[in-house]
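Everything below concerns the one structure shown next.
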Amino acid sequence: MLVLEGVDVFYGRIQALHGLNLHVDDGEIVTLIGCNGAGKSTTLRTISGLLRPRRGGVTFDGKDLAALPPNRIVQLGLSHVPEGRRIFTNLTVRENLDMGAYLVRDPKARRERLDRVFALFPRLEERMDQPGGTLSGGEQQMLAIGRALMSRPRMLLLDEPSLGIAPILVKEIFDEIARINREEGTTILLVEQNANLALHRATRGYVLETGRIVLEDDTKNLLQNPQVKEAYLG
Amino acid sequence: MLDYLLNGLALGAIFAFIALGYTMVYGIIKLINFAHGEFFMFGAFLGFFVLRDLGVERLPLPQPLPILLSYVAALTAASLGAGALAVVTERIAYRPVRRAGRIAALITAVCVSLILQNLAIKAWGAKPQAYPQPREWIDTDDLAGAAPANLYAVKRVETTGGEVVENEVRVVEAGAALDDATRARLRAEGHERVYRQVPLDRGWTRGFVLLALLLWAPVLWFLVKRTRMGKAMRAVSEDSDAARLMGIDINRVIAWTFFLGAFVAGVGGVAYCVSYGKVEPLTGFLPGMKAFIAAVIGGIGSIPGAILGGLVLGTAESLIPYALREGLGWEAAFAWKDAIAFALLILILVFRPTGILGRAVREKV
Amino acid sequence: MSGELLFWLNLLVTVGIYTLLAVSLNLINGHAGMFHLGHHGFWALGAYAATWLTLNAASLPGPLLYVLSLLLAMAVAAIGGLTIGIPCLRLRGDYLAIATLGFGEIVRIAVQNSPHDFLGGSLGTKVPRVLMEVTRTTQVPFRFLTLAIVAVACAAAILVFRNFLRSLPGRRLLAVAQDETAAGLLGIDPTRSKVLAFVMGSAVAGLAGGLYAHYMGGINPLNFNFMEMVKMFLVIVLGGMGSLSGCVIGAFLVVATEQLLNRAPEAIASWWQVLFPLILALMIVFRPQGIFGRKEITDMIRAWRRSPA
Ligand SMILES: Nc1ncnc2c1ncn2[C@@H]1O[C@H](COP(=O)(O)OP(=O)(O)OP(=O)(O)O)[C@@H](O)[C@H]1O
Ligand SMILES: [Mg+2]
């Protein structure tokens, strides 16, 4: 479904990704783990079009993404929940969700998506008219995910959904993510610091170190891998 | 006193119309769009051409319809023209520098403003031109014996260059009557029509701008709060990358913001030039600066702030010199009103940079 | 022949005056990193202060009056710089730009509305010739003399600024320009450093104003409009923000372009008013470091001497 081949990405003169190869198949949950500054967010930003690769190809269902602006990429069914949530704090919860469905013109379809998101995260419905900035961290993360789901994506890119959230809420959020994958068949690429959690939820995983993929395997093998155990599961 | 207050409010309403564009553009790309005053000037010139040359006021309809229609046409042309210029400017001058940093963008804006000013001088000359006041067209035959106001007769004549122009002559002074002899003479000289200069009552112009602001404010509020594009504008202004991830085409949203801001400024442009009776390529400079001050006073980035700031500045510009003159006997106080506005700007920037309604934002440089 | 000579002398004097304006603006915008858009205000303050003294102390001997009026021009502009600097320099970036621009406009409005018998009001005023009688026959020597004075002033200003930038307060200023917060942590008072640069810069702009008033023999509020600010900015951007010697070359490019274009036929003459902002915008976007960047001519000559060897 999603294929990255030999992708090089630069910030000015600094190279952040070196010949990255990665693929995600239909219906999978794939995780990308690595230390701070390994280039995980950079990878997601490249896929969703916020960054342009200098070399290499990014394709989604065979379509070349590398030359498309982010708004066209969203249209193809790829939705990115950025690191740090990035909800619109001055817009209400409802307006945030409306923005998620910016490209959905049909009011009926929007309504359906809204109901679906409220079914997944009932708390959002209770806080519908509150400005996004007044939500708690966990609620903001739910809003960020809900907002990304509003466009009914076929694939979801999640960047550290557990960041700064209490363990109990993290479990709740991960349960919902798994449910989205199961019930709607949404493919998921999950970036996490919390490798333990991510490897238990995903089917396959990649390990990224300083902009290079150093390991790629099924998660059950990765969980047994001594290197991974040493570096990420400690 | 009341007269000064009303004058101030009307002037303030004009500032508010212009300030809206500053505030919207600043809100979305953090750029002080210096050229905004020139968009306004361009709109005022288009309105000028419509009023002078299109002849809407000569339509054979019952009064005051032709006069009203001529101003509606002028406002439409001014708004659309200013909006179009804003979109073009954004595309060729601002979009390329959007990522070059705020100072580079600001200098670009200053330069664009001067370039547009000087292009306007090249196109239309530097001299101020009289802005057409409301005119009521009357067939020479229809004129009753007495005329209440200045009457002008119009005749088409061929210049030595072979160009056909309309020649205007004042035939009757205000208050005097058009007698049969004069009428016969006019017809003999080939004047087909006569118009009456409708004296522009200050009360009317003031009422018009205040009413226009009253009508526009809710429209804008609705556009920004309720429409899809308005929500997208707010989203882009808060976090443009996150907005792109929603599928929002930020270039379109920014272009639309420029358009809307300049569209509203077009209304202000015509109103300003009608009340001052002239238009020139420098028309945009001072009101543009004032409107920026108004936006800062109200809290730049805030739409209600721009309206409030405009009204506050207009009133201050009228009442402070009034108070200085009446209270301190300083006769020249009104000549200093522009300096008062700038002093107000510096005070606000130093003591309350977020303005009256602005949110406190922590900004990195 | 004499016409041609007069033209070039006038051009060089004007280059000198713009060099003074540019080095002083450069100290503020280039070295101190502040975004100041009201330099034409200090220039006007200097010009009007010098004019005022010249008009009101006519009994003094000419050369003394000339020098005194220049000193007053510097003092008045410096006081202006101090008054506006202390409140405004806490502002940053585009807010500072707008506040200083507002100051420049206030000065222009003030002189424009001054009583006719005080500073000439909107029509401006004549400045009595105190240096020497200027007639058709003495134009050439007068311009030579002014050129010499302006050249000395430029050399002095560049030397003073160069030495200042190498001194301790100058290095503090550069540190503040680099990173205000870090400099503050090192115990440097950023506002003080900035006000110092601002006052020095405005004093030199005032000097340029005084020289200009005496040279022109008359002043008018229209001489100090915002377009002048753009010209000065263009000079430092062409010469390189932060390069003192670049200012001389930038000033020459700008002034020569303007004056040569003004000699051209009507149809193209005033196009510099479109051309300058256009070049400024293009430079800022594509080569913000200017032609010379932060380098000084002396550095380049040294590098050039070394390389062929
Ligand atoms: N805007 C930027 N400009 C310059 N360098 C950047 C920028 N963003 C990221 N980098 C650099 O690129 C590298 C990869 O950053 P990235 O954000 O992708 O890391 P990450 O794996 O997501 O880390 P974390 O777990 O901390 O979020 C880092 O070395 C970082 O310093
Ligand atoms: Mg990251």
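Computing the accessible area with a 1.4 Å probe over protein heavy atoms, can you report the carbon and sulfur percentage for the protein assembly as shown?
Of the solvent-accessible surface of the protein assembly as shown, carbon and sulfur hold 61 percent.
Applying a 10 Å radius around every beta-carbon, put B:335-341, C:186-192, B:46-52, C:101-107 in order of their mean neighbour count, most first.
Ranked by mean Cβ neighbours within 10 Å, highest first: C:101-107, B:46-52, B:335-341, C:186-192.
Taking a cut-off of 17 Å between Cα atoms, list the lysines near residue B:225, but don't count ones fewer than 8 places away on the same chain.
Leaving aside lysines fewer than 8 places away in the same chain, none come within reach of residue B:225.
Given a 1.4 angstrom probe, what's the average accessible area per residue across the protein assembly as shown, in square angstrom?
So the protein assembly as shown comes to 43 Å² accessible per residue, rounded to a whole number.
Rank these by accessible area, largest first, 1.4 Å probe: B:221, B:124.
B:221, B:124
Shape call for the protein assembly as shown from the C-alpha gyration tensor, a ≥ b ≥ c root eigenvalues: rounded (a/c under 1.5), prolate (a/b greater than b/c) or oblate?
Here the protein assembly as shown falls in the oblate category.
Kindly sort B:204, C:8, C:272 by accessible area of their heavy atoms, largest first, with the probe set to 1.4 Å.
B:204, C:8, C:272
List every residue whose amide H lies under 5 Å from the amide H of residue C:242, counting only residues 5 or more places away in sequence or on a different chain, with H placed 1.01 Å from N in the peptide plane.
Close amide H contacts, sequence-distant or interchain: C:30, C:31.
Using a 1.4 Å probe and counting only protein heavy atoms, how much accessible surface gets buried when B and C come together, both sides summed, in Å² to the nearest 100?
3100 Å²
Summarise the partner chain shielding of A:67-73 as one whole number: the mean count of Cβ atoms from other chains within 10 Å of each residue's Cβ.
Rounded to a whole number, the mean comes out at 4.
Excluding residues on the same chain fewer than 8 positions from residue C:126, give the aspartates and glutamates whose Cα lies under 15 Å from its Cα.
Answer for residue C:126, where 15 Å is the Cα cut-off: C:117, listed by chain and number.
Which aspartates and glutamates have a Cα less than 16 Å from the Cα of residue B:231, not counting those fewer than 8 places away in the same chain?
Residue B:231 reaches A:95, A:98, A:129, B:239, B:241, B:249.
Taking the Cβ-Cβ separation of residue C:133 and residue C:304 as r and a Förster radius of 51 Å, what is the calculated FRET efficiency to the nearest 0.05?
The calculated FRET efficiency here is 0.65.
Determine ³J(HN,Hα), in whole Hz, for all residues of region B:10-27 in sequence, where each value follows from phi through the Karplus function 6.51 cos²θ - 1.76 cosθ + 1.60 and θ = phi - 60°; x replaces Gly and Pro.
Each residue's phi maps through the Karplus curve to give 5, 4, x, 5, 5, 4, 4, 4, 6, 4, 4, x, 4, 5, 5, 5, 4, x Hz.
Near the amide H of residue B:35, under 5 Å away, which other amide H atoms are found, from residues 5 or more places off or on another chain, if H is placed in the peptide plane?
The answer is B:113.
Where both partners of a DSSP beta bridge lie in the protein assembly as shown, what percent of those bridges are antiparallel, to the nearest 5?
Bridges in the protein assembly as shown are about 70 percent antiparallel.
Please report, in debye to the nearest 20, how large the charge dipole of chain C is about its Cα centre when each Lys and Arg carries +1 at its beta carbon and each Asp and Glu carries -1 there.
760 debye
Enumerate the residues in region C:94-138 having an amide nitrogen under 17 Å from the point lying 7 Å beyond the Cα of residue C:83 toward its Cβ.
Residues C:99-115, C:119 fall inside that zone.
Enter the mean number of other protein chain beta carbons within 10 Å of the beta carbon of each residue in C:81-88, as an integer.
The mean count of partner-chain Cβ atoms within 10 Å per residue comes to 1.
Check chain A and count each lysine pair with an alpha-carbon distance under 28 angstrom, considering only pairs eight or more places apart or from different chains.
For chain A, qualifying lysine pairs total 7.
So how exposed is residue A:18, as accessible area in Å² (1.4 Å probe, rounded to 10)?
The accessible area of residue A:18 comes to roughly 50 Å².
Would you calculate the separation in nanometres between label points at residue C:256 and residue C:171, each defined as 7 Å from the Cα along the Cα-to-beta-carbon direction?
In this crude label model, residue C:256 to residue C:171 measures out at 3.8 nm.
Spin-label point model (7 Å from Cα, Cβ direction): what's the residue C:191 to residue B:185 distance in nm?
Here the modelled spin labels are 7.4 nm apart.
Would you mind checking the tilt of helix B:36-49 against the longest principal axis of the Cα atoms of chain B, expressed as 0 to 90 degrees and rounded to 10?
20 degrees
Using a 1.4 Å probe and counting only protein heavy atoms, how much accessible surface gets buried when A and B come together, both sides summed, in Å² to the nearest 100?
The buried area between A and B, both sides summed, comes to about 2100 Å².
Of all DSSP beta bridges located in chain A, what percent are antiparallel, nearest 5?
50 percent
Just counting partner chain Cβ atoms within 10 Å, what average do the residues of peptide B:211-218 show around their Cβ?
The shielding value for this peptide is 0.
The values are calculated or read from the model by the stated rules, or taken from the named source; none is laboratory data. Values in this document were obtained by computation on a predicted structure and should not be read as measured data. Glycine also receives a Cβ, built like all others from the backbone with ideal geometry; neighbour counts cover every protein chain displayed. Note: accessible area is taken over every heavy atom of the protein model, side chains too, but ligands, DNA and RNA are not part of it. Shrake-Rupley method; radii C 1.70, N 1.55, O 1.52, S 1.80 Å.
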